[in-house]
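Enquirer: Structure incoming, see below.
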Amino acid sequence: MLIAQITDLHVTREGELLSGRVDTRKALTLCMKKLSSLSPRPDVLLISGDLTETATEEEYAFINDKLSTLGIPTYVVPGNHDDRATMRKAFKGMALGQDEDPFCYAVDKTEWPVLFIGLDSTIPKNSEGALCPERLEWLKDVLQKATPSRPALIFMHHPPFTTGIAPMDACGILQGLPAFRQLIEDHSNSIAGVLCGHVHRMINSSIYGVPVLLAPSSAHQITFDIDPDASLTFTLEPSKIALHSWTEDNALVSHLIYVDDFPGPYAF
């Protein structure tokens with residue numbers, strides 16, 4: 001099974017450039033073109049948060065219009081720039097519940113070798129993340145369906161580990177992380193991996209042997225700087241897609257694909 005992952009699209013309002021420099025709409029258009037050209041085609045596309053910059057209905061409509069050209073089943077979770085209620089309108093039926101309920105759900109298709117779990121790690125109107133007891137209890141129940149022969153693949157926005165990029169770690173998961181890590185340990189033999197975004201860089205780690213893969217942005221990247229006193233800046237690196245292959249011997253193999261040649265969607 002071939003699983004594409006994009007993250008941190010930050011699609012802006014029509015006519016706007018992100019920070020006056022990055023055309024995130026063009027970036028998404030190029031990303032969709034690249035995904036469409038892949039052979040073999042991905043079986044599923046996961047988007048791990050920050051789909052939009054300001055969470056307007058128009059921004060989500062633009063994303064849905066681009067996704068409609070793919071013909072690939074697509075599943076999303078919110079990031080700190082998204083809005084749960086507006087996402088529920090844009091992606092009807094994906095996550096049940098009331099408007100402001102956590103945007104969590106499982107995709108359990110018997111023909112697929114993995115169980116996909118979309119886990120909402122956001123706090124509305126805040127940059128940092130949290131995993132409240134209710135979400136963790138829900139996750140615990142869903143993980144009961146996973147088995148070593150058909151494991152779960154969790155996708156979420158905030159990474160559940162310290163990346164070393166201080167400004168992003170300061171707005172990481174600040175509540176519920178020990179309990180989440182305990183769940184991973186308890187079910188480590190039936191979790192294929194955890195896929196994240198938020199930091200706009202490719203970073204790999206693990207929790208009790210379970211791979212945790214942080215995908216780079218499909219639009220713009222955050223500057224690599226592990227100085228504890230570093231300020232948050234972004235860099236004009238090429239846009240990227242993560243491509244994960246779930247192999248017949250139950251292994252997750254991940255690749256990184258450049259969307260376009262530099263400078264891609266950037267405006268100068």
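Enquirer: Return yes when R150 is surrounded by fewer than 22 Cβ atoms within 10 Å (Cβ to Cβ) and under 20 Å from E185 (Cα atoms) and no when it is not.
Expert: yes
Enquirer: Just checking, does the stretch 46-63 include any residue being small (G, A, S), under 15 Å from the mean Cα position of the chain (by Cα), closer than 21 Å to I222 by Cα and assigned to a strand (DSSP E or B)?
Expert: Yes: the stretch 46-63 contains one or more residues that are small (G, A, S), under 15 Å from the mean Cα position of the chain (by Cα), closer than 21 Å to I222 by Cα and assigned to a strand (DSSP E or B).
Enquirer: Same structure, new question: For the stretch 17-28, which residues satisfy the criterion of being under 27 Å from V44 (Cβ atoms) and out of contact with any Ser or Thr (no Cβ under 9 Å at 6 or more places or on another chain)?
Expert: K26
Enquirer: In the stretch 97-109, which residues are at negative phi and touching a Lys or Arg at 6+ places or on another chain (Cβ under 9 Å)?
Expert: Once the filter is applied, which keeps residues that are at negative phi and touching a Lys or Arg at 6+ places or on another chain (Cβ under 9 Å), the stretch 97-109 yields Q98, D99, E100, D101, P102, F103, C104, A106, D108.
Enquirer: Which residues, taken from the stretch 206-222, are closer than 19 Å to V259 by Cβ and either within 13 Å of the chain's Cα centre (by Cα) or assigned to a loop (DSSP other than H, G, I, E, B) (or both)?
Expert: The answer is L213, L214, A215, P216, S217, S218, A219, H220.
Enquirer: A follow-up question, please. So T122 clears everything in (1) under 20 Å from Q5 (Cβ atoms); (2) of a type in the set (V, I, T); (3) surrounded by fewer than 18 Cβ atoms within 10 Å (Cβ to Cβ) except one condition, right? Which one?
Expert: Unmet for T122, out of (1) under 20 Å from Q5 (Cβ atoms); (2) of a type in the set (V, I, T); (3) surrounded by fewer than 18 Cβ atoms within 10 Å (Cβ to Cβ): (3).
Enquirer: Further, regarding this structure: Which pairs have Cβ atoms under 8 Å, sit 6 or more apart or on different chains, and link a residue in the stretch 227-244 that is closer than 23 Å to K26 by Cβ to one that is among the acidic types (D, E) and assigned to a loop (DSSP other than H, G, I, E, B)?
Expert: T233/D225; P238/D260; P238/D261; S239/D260
Enquirer: Okay, moving on. Only one of these conditions is not met by V107: (1) buried (at least 19 other Cβ atoms within 10 Å of the Cβ); (2) in contact with a strand residue (DSSP E or B) (Cβ under 6 Å, 6 or more places away or on another chain); (3) among the hydrophobic types (A, V, I, L, M, F, W, C). Which number is it?
Expert: (1)
Enquirer: Out of curiosity, is S36 surrounded by fewer than 19 Cβ atoms within 10 Å (Cβ to Cβ) and farther than 18 Å from V259 by Cβ?
Expert: So S36 fails the test.
Enquirer: For the stretch 73-93, enumerate the residues that are touching a Ser or Thr at 6+ places or on another chain (Cβ under 9 Å), over 20 Å from K26 (Cα atoms) and in a loop (DSSP other than H, G, I, E, B).
Expert: P78, G79, N80, D83, F91
Matching residues to (1) basic (K, R); (2) outside any loop (DSSP other than H, G, I, E, B); (3) surrounded by fewer than 16 Cβ atoms within 10 Å (Cβ to Cβ):
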site	(1), (2), (3)
G193	no, yes, no
H200	no, no, no
N204	no, yes, yes
F224	no, no, yes
P238	no, no, no
A242	no, yes, no
S254	no, yes, no
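No value in this document is a laboratory result; all are computed from the given coordinates. Quick caveat: nothing in here was measured; it's all calculated off a predicted structure. Cβ atoms come from the backbone with ideal geometry, glycine included; neighbour counts cover every protein chain shown.
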